[in-house]
Amino acid sequence: VMRVGYLATASKVKYQTAPGSAKPGKTYVHTTGYLEFQPGEAVAHFQVPLFDDDEWNTTLEFYVELISEGIANCQLDMYLTSAKVSIIDNDAFPTNKYKKQILAQDFKSIPGPGLLLEYFKMNICNPVVRRGTIKMLLVDMYANVYFTLKLFMNVYLVDYVLSPERSDDELWVVHSKESSLLMLLFATIAPFILLYILDQKKFSWKVAGTSRNTLQKSLLRKFLNYEESSRQQIDKGDLVMAMTRDAFKVVHDGYMNFLALLQEVGKIFLVLGYQFAVPYVFGRPMRFANILVPFFAFPLLLVSFLALRVRVTTQNFLDMNESQDDFVEYVERTVSNYRLIADYNARSAYVDTFEKVIKKFNGAFTSTSRVLGVNNYFPRWVTVCIVSLYIVVSGQQTIAGNMTLGIFLADVQVYTQVGEAWGIIYKVLLEMQTCFPAMERIVRLENLPTDVPQRRKLMAHNRSSTAKLRQEMEQNGGEPNIDDMPISLNNLQLKPNEGCAGGAGLNNSGALHIKQGQVVALVGNRGHGKATLLKVISGVILPRTDVEDPGFFMPSHLRVLHISLEPMFFKGTLMDNLTFGVTKKTADGNDQRVRNICRRLHLSEETLKLLNSDREEDWGEVFSQTDRSIINLARALVANPEVVCIHKPTQCFDNQMSDVIMGLLQAFVKNRGLEENPETISFRRPRTCIFTSSKAASLAFSDTVVHVSRHHGIRL
């Protein structure tokens with residue numbers, strides 16, 4: 001925590017952590033206390049302990065806040081009272097078991113079942129999923145026990161209660177056949193009512209929803225933290241399909257199906273126990289053939305068929321997923337390029353091509369459905385054949401009096417249920433195999449490199465350089481003034497071909513020191529690196545952090561904002577779009593201030609009326625190019641950063657409007673913000689505006705002009 005201004009007295013300020021996506025007690029230790037500055041002390045530190053474990057998490061964040069409670073001899077800055085802390089997790093998704101292969105993108109050497117099992121292990125670590133899973137397994141166990149008890153009750157009903165050869169004295173529990181019927185009625189309906197209630201409760205245990213939420217939220221958070229090289233590796237369709245189709249498939253065809261598989265395995269073992277117990281319970285001879293056939297014939301036949309069909313099934317799903325990806329990507333491309341398609345009258349050509357894409361997808365879908373149809377019917381064929389064979393063989397034993405009717409009917413039900421259970425297991429295993437490609441895509445996206453480690457190193461460099469500059473100011477006998485710290489570049493170090501145009505590298509040599517409180521223009525020939533330099537200054541492109549000196553310094557206390565050349569909007573109200581970058585708990589988003597800035601940019605009264613509206617639109621489709629560019633600039637000025645970096649702010653305007661815009665940027669720098677109280681100007685940090693320009697007239701409004709060239713590098 002840095003203190004500026006008068007340092008001769010002691011100061012005290014309270015700090016505390018606040019949760020974000022990272023939660024106290026699990027990811028970090030909630031920390032609070034008072035930070036005391038001794039006389040002459042400018043910087044003080046405190047630590048927030050983190051919990052270190054081998055569980056994977058995406059880039060989680062929490063906040064550290066300075067609060068005014070108990071503050072002494074100091075005043076909190078308007079903006080710098082809260083810091084976001086990003087936690088770097090070096091574990092691999094889903095676990096570290098295949099970390100080496102995953103980071104090398106060597107998915108061919110990773111077994112699909114093994115990777116899916118590691119995801120199950122990761123998912124069960126979520127407390128909500130774990131509690132819900134245990135409850136679901138208990139309910140499934142109850143359902144299996146209920147089914148097994150019904151088998152015993154059915155035998156008892158036929159062979160004892162309904163048998164005319166049995167007297168009331170031979171009955172169990174209740175020695176009356178009429179009362180026994182009522183007892184069996186209650187024993188059948190009451191547990192079933194409870195089973196129905198418990199099955200309905202499954203939906204409130206949030207196992208599937210939490211599992212999907214974890215994957216989808218982490219994919220989006222990961223994408224927002226990708227380094228540029230990672231972002232360039234993926235298409236927009238990859239992320240969309242991973243968050244919609246793949247996440248759903250991995251959770252439902254993977255994890256939830258695994259729970260269903262456990263239920264069917266449990267049912268088979270309970271039925272096996274029934275087959276061993278029924279001779280002792282009802283005093284009949286043990287028939288090992290009846291036990292062995294359903295428990296060995298079914299799996300032997302199904303596993304053999306599964307092994308024969310796995311390749312064709314997996315290939316059909318891969319083809320269908322690929323054609324579906326092409327389908328979605330083509331639709332997204334059509335929506336994004338509508339204006340181009342319409343302007344060149346290419347609607348018919350696009351529709352004709354789309355028909356081919358649809359035909360390919362439908363063909364793949366039909367082929368996959370046919371394969372699945374054959375797969376799903378095979379266990380039914382096996383069940384029908386084995387049950388029919390049992391009816392013929394055991395029916396003769398029943399006729400001969402060697403088997404009771406109750407046991408015969410129960411065995412028919414057992415064979416049928418065991419066949420259905422093995423059929424479900426077979427279907428589940430097939431579906432789990434088909435989610436291997438989805439699992440692979442999610443694992444690949446979750447493990448692409450982020451820029452968080454680089455930003456951490458760059459911030460550490462900026463903090464240490466800031467502290468060093470303050471010491472130099474003190475040694476020179478002056479009062480340290482952080483507003484005098486320049487934005488510096490000295491032989492800027494970038495990755496090879498970073499930001500290059502036409503495949504040729506840029507010349508980043510030269511020293512540049514930009515004084516705060518200036519309007520700075522970056523000029524140079526097209527493709528020589530103006531935009532790249534601006535992106536470096538604004539933090540979009542990061543300099544190399546694997547060298548001792550990256551050749552770039554931004555004072556650590558400055559808020560920097562990058563404004564892209566193409567205006568961008570999200571669907572919402574116009575006021576929400578204009579105040580998107582406003583720091584919370586400040587007056588920068590004040591309605592009247594926003595309006596005044598828009599008026600000074602000559603936004604029409606008709607457009608200003610929309611600021612009062614709750615109408616939500618994709619404003620990029622509503623406004624003209626000129627109005628979009630004006631609103632893009634207005635949003636930056638409303639946000640009120642210390643450093644604003646703008647790509648060609650006057651490109652789409654005539655000379656008169658260009659002068660208005662440049663004059664307003666000048667006023668933003670001179671007054672340390674637009675539409676601010678002039679009496680508090682001394683309490684505000686200097687404002688700096690850096691822009692690229694291809695118009696010579698804009699240079700008249702600049703305090704400093706920087707020339708960027710492939711031949712001479714960066715120079716004033």
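The values are calculated or read from the model by the stated rules, or taken from the named source; none is laboratory data. From a predicted model like this one, the values you see are computed outputs, not experimental measurements. The area values use the complete protein model at the heavy-atom level, side chains included, leaving out ligands, DNA and RNA. Shrake-Rupley method; radii C 1.70, N 1.55, O 1.52, S 1.80 Å.
Odds and ends about this structure:
- With every protein chain in place, the chain: carbon and sulfur % of accessible area (1.4 Å): 57 percent
- Surface listing: C598, C74 arranged by accessible area from highest to lowest gives C74, C598, probe 1.4 Å.
- Pairwise Cα distances in the range 42-124 exceed 22 Å for 50 percent of all pairs.
- Bridge type composition, the chain - antiparallel percent by DSSP, nearest 5: 65 percent
- Relative intensity, log₁₀ I(q)/I(0), of the range 584-716 from a Debye sum that treats every alpha carbon as a point, q = 0.12, 0.21 Å⁻¹: -0.53, -1.36
- As a length-normalised measure over Cα pairs under 8 Å and 6 or more apart, the relative contact order of the chain settles at 12 percent.
- Degrees, to the nearest 10: 405-434 long Cα axis against longest axis of the chain: 20 degrees
- Accessible heavy-atom area order of R710, R347, highest first, probe of 1.4 Å: R347, R710
- Seen against the Cα atoms of the chain and their longest principal axis, helix 436-446 is set at about 30 degrees.
- The heavy atoms of H602 present about 110 square angstrom of accessible area, all protein chains included, probe 1.4 Å.
- The range 515-566 shape via C-alpha gyration tensor axes, a/c threshold 1.5: oblate
- When the pairs K14/K84; K23/K584; K222/K584; K222/K360; K495/K648; K201/K222 are compared against a 28 Å limit on Cα-Cα distance, K222/K360; K201/K222 fall above it.
- List I358, I234, ordered by accessible area with a 1.4 Å probe, largest first: I358, I234
- Prolate/oblate/rounded call for the range 124-246, Cα gyration tensor, a/c under 1.5 rounded: prolate
- For semi-axes √(5λ) of the Cα gyration tensor in Å, the candidate list reads (i) 55, 34, 22; (ii) 69, 31, 24; (iii) 58, 26, 22; the entry that matches the value derived from this model is (ii).
- In sequence order, calculated HN-Hα J values of the range 165-177 (Karplus, 6.51, -1.76, 1.60; Hz; x Gly/Pro): 7, 9, 8, 4, 5, 7, 6, 9, 6, 10, 9, 8, 5
- Expressed per residue, the C-alpha convex hull volume of the range 1-51 stands at 70 Å³.
- Accessible surface area normalised per residue over the chain is 51 Å², counting heavy atoms of protein chains with a 1.4 Å rolling probe.
- Normalised contact order of the range 671-716, rounded percent, pairs of Cα under 8 Å and 6 or more residues apart: 21 percent
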